[in-house]
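What follows is a short report on a single structure.
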Amino acid sequence: MKRLYTLLLTLGLLLTSTVFAYEEMPIEATTEVVENNPVKVIQSTIVKLNQLTTASTYSPRMMSFLVDQEIIPLFDFDYIASEVLSASYVTLSEEETVYFSNILKKKIVNTLLMKLAQSRSSSLNFISARPMRGGKIIVVKLNASGYSRFGFNVDLSFHKGKSGAWQVFDVALGYDNLINFYQRMVRVKVRRYGVYGMLSRI
């Protein structure tokens, strides 16, 4: 549980940095079209997440807008939902799968917003980028500082989604990651409540 709390805190930190970066960037930079190149996408993401600014006033309306415009496009929520379901041996109809994906997305985003409201700006330092599976996956390691004396490392896993854009499909902290956490949660809830009970309790 402590490891999960730190992971969710990390995601909140990423959201915080993105919001602050958004406020400091000129309009031209925020509307710039990034080429479909993994290096450029990763660089653009890190620039947003790593920019330090002073604290700003929290506005729920502004947060909602920034989540829609900046955060959701960074993540491949459909892939996350698919991986969670497949490893949990759960079969859903197409409509149920869309419902599950949307619920999962809302749960993750709401957690980020909650952590944002509790957090302060910090810094994210690039450590390395490692291609895997012949370059189909790129794992970017960052060090997050500001919440502890030495900080901690977090891995962002990028891949090319169905839309053709490079997106984050998993976030790892040590031996735990976002997908594994939800896989375990779904398996437990399916055993206790059944598939439809899980859908109402996820």
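The values are calculated or read from the model by the stated rules, or taken from the named source; none is laboratory data. None of these values were measured; they are calculated from a predicted model. Cβ: placed from backbone, ideal geometry, glycine included. Neighbour counts: every protein chain shown. In case anyone asks, the SASA skips ligands and DNA or RNA and just uses the protein heavy atoms, side chains included. Shrake-Rupley method; radii C 1.70, N 1.55, O 1.52, S 1.80 Å.
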(message) I'd like the full set of residues that are open to solvent by less than 40 Å² (accessible area, probe 1.4 Å) and not in a strand (DSSP E or B), limited to the range 166-180.
(response) LEU178, ILE179
(message) ALA117 - would you say it is touching a Phe, Trp or Tyr at 6+ places or on another chain (Cβ under 8 Å), open to solvent by 40 Å² or more (accessible area, probe 1.4 Å) and modelled with pLDDT under 90?
(response) yes
(request) Go through the range 57-91 residue by residue and tally those that are part of a loop (DSSP other than H, G, I, E, B) and at pLDDT 90 or above. (result) 1
